[in-house]
Amino acid sequence: MDASGSSAFSNPTPVPASRSERRAVRMRGFCVLEGGETHEIYVLDLSYEGCGIETPVPLEPGQAIKLSVL
């Protein structure tokens with residue numbers, strides 16, 4: 001669910017227990033997929049090694065994207 005209550009965003013997937021601790025955040029941004037397709041996202045948590053995002057489109061594990069956080 002996004003900040004406005006819309007269910008357009010995908011459901012979160014289970015998180016592996018082995019990853020480093022992440023800090024909860026709620027930051028609006030955009031992701032750019034291969035081919036230049038752009039989508040609004042929310043960054044939900046951060047660590048030095050990665051982040052969790054909420055996105056309206058499905059992404060594959062390991063899929064390369066570019067993030068821009070406002």
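Each reported figure results from applying straightforward, stated rules to the coordinates on display, with no laboratory input. Quick caveat, the model's predicted, so the values are computed rather than measured. With ideal geometry, Cβ positions are generated from the backbone for all residues, glycine too; neighbour counts draw on all protein chains shown.
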Would you calculate the separation in nanometres between label points at residue 26 and residue 59, each defined as 7 Å from the Cα along the Cα-to-beta-carbon direction?
2.0
Under the Karplus relation with 6.51, -1.76 and 1.60 and θ = phi - 60°, whole-Hz ³J(HN,Hα) for region 47-58, x at Gly and Pro, equal 9, 5, 9, x, 8, x, 10, 10, 9, x, 10, x
Nearest-20 debye value, region 29-70 charge dipole, Cβ charges on Lys, Arg, Asp, Glu:
100
